[in-house]
Amino acid sequence: MTDDFVVDVSRIRDEARRRMEAGPVTDTYGVDKDRVIAILNDVIATEVVCWLRYTRHAIAATGIDRAQVSAEFTEHAKEEMDHALRAAERVSQLGGDPDFDPTTLHERAHTDYTTPDDGDLKEMLRNNLYAERIVISTYQEIIRWLGDHDPTTRRLMESILEEEEEHADDLVDLLGI
């Protein structure tokens, strides 16, 4: 095997100087930037809807297991909002505008906002586990699509995915399944 890898630093310097306004997005960015921004804006919508659902469930939960379940929902809600903010920051880095428009959140989100009966903790847990499973699958697909074309966004999505998998595991434990 021959090693023919060569970095053309002169060319890279010229391109970097010529396109300063593009910020971190260089000519070697390997994917459609506008498509990545659109996908991340859907991630923002998904995470905000998850934050809303978990927050509502944490406040509305009643019953003997309320304290434990509500605490878990509150923790998950905080992490979901953090995910949305991290995705929004990446959109901004890519030169886009993070989309928090409440009028389109539901349409862009991968999950639904559910409101089971307040006393039905089991149904709240099941609704949230269902949503986490959807998020896990869609984020895995996003990560595969990004591949090596945008390693920064891929790592962001991988770190969010790891926390979503932890959420699902927590919910399975609380459900006892």
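The values are calculated or read from the model by the stated rules, or taken from the named source; none is laboratory data. Model, not experiment: these values are computed from the prediction. Because the Cβ atoms are built from the backbone with ideal geometry, glycine has one as well, and the counts that use them run over all protein chains shown. Calculation scope for accessible area: heavy atoms of the full protein, side chains included, ligands and nucleic acids excluded. Shrake-Rupley method; radii C 1.70, N 1.55, O 1.52, S 1.80 Å.
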* Structure fact -> Order by accessible surface, 1.4 Å probe, largest leading, for residues L40, L175 comes to L175, L40
* Asked: Based on DSSP H runs of at least 4 residues, each adding -39500 (n - 2.57), what is the mean residue ellipticity at 222 nm of the chain after dividing by all its residues, to the nearest 500 deg cm²/dmol?
  -> -23500 deg cm²/dmol
* Asked: Which whole DSSP H helices in the chain pass both tests: a Cα extent of 27 Å or more along the axis and a mean Kyte-Doolittle value no lower than 1.6?
  -> none
* To do: Work out the length of the dipole vector of region 126-174 about its Cα centre, built from +1 on the beta-carbon of each Lys and Arg and -1 on the beta-carbon of each Asp and Glu, and round it to the nearest 20 debye.
  => 260 debye
